[in-house]
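All remarks here apply to the structure that follows.
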Amino acid sequence: MMEGEQSQLSLQGGGLMEEFYRINWLKARARRDRWKEEVSLVRHEMLWTCLWFEYHKDMWEKRALQSTEPGKEAYAKKQMGLWNDFAKKARLMFQGKQVDCIQNGSGNTQYGVC
């Protein structure tokens, strides 16, 4: 090899390594961004789970109040207690981890971490 060819190879080698590091950095950043999105989704799913349990508890509470037969009222109250237990356990397990939904005075919904 001639001297000019050696210097060109070393420049190309350095350029290849720089490109290699740049590509790996971009891949790592993409992985980090995907995980950030996943964490956000899981936190929202925790909130949605709590709201879903509370919705069912409220629905069974209304059914218990509207019931005219003692058997149906007892069943509705049992279901209400079951969904209430689900909601309590979910809030306890997700405490400090989930996104909290807060309605301000103007009717807009704001989110933050509990």
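The values are calculated or read from the model by the stated rules, or taken from the named source; none is laboratory data. Given the structure is predicted, the values throughout are model-derived calculations rather than measurements. Backbone-built Cβ (ideal geometry, glycine too); neighbour counts: all protein chains shown. Just the protein is used for accessible areas: all its heavy atoms, side chains included, with ligands, DNA and RNA removed. Shrake-Rupley method; radii C 1.70, N 1.55, O 1.52, S 1.80 Å.
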Over the C-alpha atoms of the range 11-56, what are the Rg and the largest Cα-to-Cα span, Dmax, in Å?
-> 20.0, 67
Among the listed pairs Lys36/Lys78; Lys36/Lys88; Lys62/Lys89; Lys36/Lys89, which are separated by more than 31 Å between their Cα atoms?
-> Lys36/Lys78
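When Lys and Arg each count +1 and Asp and Glu each count -1, what net charge do the other residues less than 13 Å away from Arg31, Cβ to Cβ, add up to?
Details: positive: Lys27, Arg29, Arg32, Arg34, Lys36; negative: Asp33, Glu37, Glu38.
Spelling it out: positives minus negatives among the neighbours equals +2.
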What is the local net charge at Ala74, summed over the other residues whose Cβ is closer than 15 Å to its Cβ (Lys, Arg +1; Asp, Glu -1)?
-> +1
Just read off the accessible area of Lys57 with the full protein assembly in place, 1.4 Å probe, to the nearest 10 Å².
-> 50 Å²
